[in-house]
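Asks: Pasting in a structure now, in structure tokens, and then I'll have a few things to ask.
The values are calculated or read from the model by the stated rules, or taken from the named source; none is laboratory data. What you see is a predicted model; the values in this text were computed from it and never measured. Heads up, the Cβs are rebuilt from the backbone with ideal geometry, glycines too, and the neighbour counts pull from every protein chain shown. Surface areas here come from the heavy atoms of the whole protein model, side chains and all, with no ligands, DNA or RNA. Shrake-Rupley method; radii C 1.70, N 1.55, O 1.52, S 1.80 Å.
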Amino acid sequence: MKMNREEALGYVRPALKNSRYEHTVRVTDKAVELAERFQVDVKKAELAAAFHDYAKYKPLELMERWIKSDRRLPKDLLDYHHELWHGPVGALMLEQEVGLMDAEVISAISCHTTGKKHMSNLDKVVFLADYIEPGRDFPGVDQVRKKAEDDLDEACALALKNTIIFLIGKERTVYPDTFHAYNDLI
Ligand SMILES: [Fe+2]
Ligand SMILES: [Fe+2]
């Protein structure tokens, strides 16, 4: 099923808190801007961004069940922070619920929380848009915004580096795909 921006945003809106919905709109705008800049399919970037946080507020038990029962989902997700789950689980929920079958869009939604090895440019655009949308305000974000003006890979590498350092600083675990994504871009 083909959806446009308004349909996709309309679909996710009831699943999100207001502030998260507003974040989603900003990510969608930013993803379109980045896609145009880096010659990525604008419609796919827009759709993936509109849907990216769809599963953010799904009950943890429900997401856990999806991870356990769908063999496309890596079981080791269960060993890491549940904050990471809404990407991979949300992508498959959307695939089932709205028949969102485009593999590239599914991939971008799926890896927005962790990154992964061999990210496509569409994956990178959505990951980066989520990181730098104008509502974000944390140390280092302006440097990433600056890099995102002309280098998609460098901007993603810096965002991943910041994320890894942040997690290590908090003595939190780092999902291996985040290291793979980082290593790939360095
Ligand atoms: Fe997210
Ligand atoms: Fe997000």
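Asks: Would you mention how many residues in segment 39-58 are open to solvent by 10 Å² or more (accessible area, probe 1.4 Å), within 16 Å of ligand 1 (Cβ to nearest atom) and either assigned to a helix (DSSP H, G or I) or farther than 15 Å from Ala108 by Cβ (or both)? Steps first, answer last, please.
Replies: Of all residues in segment 39-58, those open to solvent by 10 Å² or more (accessible area, probe 1.4 Å) come to 39-44, 46-47, 54, 56-58.
So of that shortlist, the ones also within 16 Å of ligand 1 (Cβ to nearest atom) come out as 47, 54, 56-58.
Restricting the remaining residues to those that are either assigned to a helix (DSSP H, G or I) or farther than 15 Å from Ala108 by Cβ (or both) gives 47, 56-58.
Looking only at that region, the number is 4.
Asks: Here's something else I'd like to know. Taking segment 112-139 as the search range and keeping residues that are of a type in the set (Gly, Ala, Ser) and in a loop (DSSP other than H, G, I, E, B), which one is surrounded by the fewest Cβ atoms within 10 Å (Cβ to Cβ)? Explain how you work it out, then say what you get.
Replies: Kept after step one, since they are of a type in the set (Gly, Ala, Ser), are these residues of segment 112-139: 115, 120, 129, 135.
From what is left, the residues that are in a loop (DSSP other than H, G, I, E, B) are 115, 120, 135.
Details: Gly115: 26, Ser120: 17, Gly135: 12.
Per the criteria, the residue is Gly135.
Asks: Would you please name the residue that is surrounded by the fewest Cβ atoms within 10 Å (Cβ to Cβ), looking only at residues in segment 62-110 that are over 20 Å from Ala181 (Cβ atoms) and acidic (Asp, Glu)?
Replies: It comes out as Glu97.
Asks: Just give me the residues in segment 126-139 being farther than 19 Å from Phe179 by Cα and either free of Cβ contacts under 8 Å to residues at least 60 places away in the same chain or among the polar types (S, T, N, Q) (or both), in sequence order.
Replies: In the first step, residues of segment 126-139 are kept if they are farther than 19 Å from Phe179 by Cα; the result is 129, 132-139.
Selection gives Arg136, Asp137, Phe138, Pro139.
Asks: Right, something else. Just need a number here: residues in segment 12-29 that are open to solvent by 40 Å² or more (accessible area, probe 1.4 Å) and within 16 Å of ligand 2 (Cβ to nearest atom). Explain how you work it out, then say what you get.
Replies: Here is the first cut: in segment 12-29, the ones open to solvent by 40 Å² or more (accessible area, probe 1.4 Å) are 13-14, 17-20, 22, 26, 29.
Within this subset, residues satisfying the condition of being within 16 Å of ligand 2 (Cβ to nearest atom) are 13, 17-20, 22, 26, 29.
The total comes to 8.
Asks: Within segment 61-91, count every residue that is without any contact (Cβ under 8 Å) to a residue 60 or more places away in the chain and within 15 Å of ligand 1 (Cβ to nearest atom).
Replies: The qualifying residues number 10.
Asks: Within segment 97-111, how many residues are more than 8 Å from the chain's Cα centre (by Cα) and either closer than 18 Å to Cys156 by Cα or in a helix (DSSP H, G or I) (or both)?
Replies: 7
Asks: How many residues are exposed (fewer than 14 other Cβ atoms within 10 Å of the Cβ), touching a residue at least 60 places away in the same chain (Cβ under 8 Å) and not in a loop (DSSP other than H, G, I, E, B) when one looks only at segment 140-182?
Replies: 0
Asks: Which condition does Val89 not pass, out of (1) over 28 Å from Ile168 (Cβ atoms); (2) within 16 Å of ligand 2 (Cβ to nearest atom); (3) not in a loop (DSSP other than H, G, I, E, B), if it passes all the others?
Replies: (1)
Asks: Moving on to the next point. Quick check on my filter: what residues within segment 46-70 are away from ligand 2 (no atom under 14 Å from the Cβ) and of a type in the set (A, V, I, L, M, F, W, C)?
Replies: Leu47, Leu60, Leu62, Met63, Trp66, Ile67
Asks: Follow-up. Could you list, ordered by first residue, the pairs with Cβ atoms under 6 Å in which the first is in segment 113-125 and farther than 14 Å from Thr163 by Cβ and the second is open to solvent by 50 Å² or more (accessible area, probe 1.4 Å) and modelled with pLDDT of 95 or more, at least 6 apart or interchain?
Replies: So the pair list comes out as Lys117/His180; Lys117/Asp184; Leu122/Glu104.
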